[in-house]
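As structure tokens, the structure follows; a few thoughts come after it.
Laboratory data are not the source of any read-out in this text; all were calculated from the coordinates shown. Just so it is clear, the structure is predicted and the values come from calculations on it, not from any experiment. Every residue, glycine as well, gets a Cβ built from its backbone with ideal geometry; the counts of neighbours run over all protein chains shown.
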Amino acid sequence: MSQKKNTNPKTKKSKVVVTSKGQKAKPKVVPTVSKRSTQASKTQRQPQEMMFNRDNYIFMLAGVGLIIVGLALMSGGKMPSPDVWDENLIYGFRRTVLAPFVILAGLGLEVYAIFK
């Protein structure tokens with residue numbers, strides 16, 4: 001091995017560079033080949049089956065429709081006269097029982113459509 005001393009005029013510190021005479025100057029670099037592209041070309045890709053089919057989407061749309069119908073049943077409730085309070089307009093069967101039941105049925109149908 002031979003050692004060379006280089007001095008930097010700005011810092012006035014010497015640097016030692018060690019070289020060996022047996023090493024080649026530049027090693028030969030071989031480009032890498034992707035294994036993924038060669039495997040993909042050998043095997044043909046099969047089309048994957050979709051997660052949901054037509055029936056699932058129909059059930060999902062029906063569930064969304066039931067939820068919208070339930071929200072429409074729950075809406076309204078404006079009093080015809082500001083001087084008169086009619087609790088049947090707000091606390092009637094349609095808004096307190098029927099509408100939440102329809103919304104829950106729509107949510108249940110959504111769960112069924114996803115798990116089917």
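At a glance:
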quantity: Angstrom value of the Kirkwood radius, inverse mean 1/r, which spans all Cα pairs in segment 54-115; calculated: 12.8 Å
quantity: Per-residue HN-Hα couplings for segment 92-109 [Karplus 6.51, -1.76, 1.60; θ = phi - 60°; Hz; x = Gly/Pro]; calculated: x, 4, 4, 7, 9, 10, 5, 5, x, 5, 5, 5, 5, 5, x, 5, x, 5
quantity: Highest average packing first - 53-66, 74-87, Cβ atoms within 10 Å; calculated: 53-66, 74-87
quantity: Lys15 versus Ala105: modelled label distance in nm, points set 7 Å from Cα along the beta carbon direction; calculated: 8.3 nm
quantity: Extension gain, Ser81 back to Phe93 (0.36 nm per residue minus Cα-Cα distance, nm); calculated: 2.2 nm
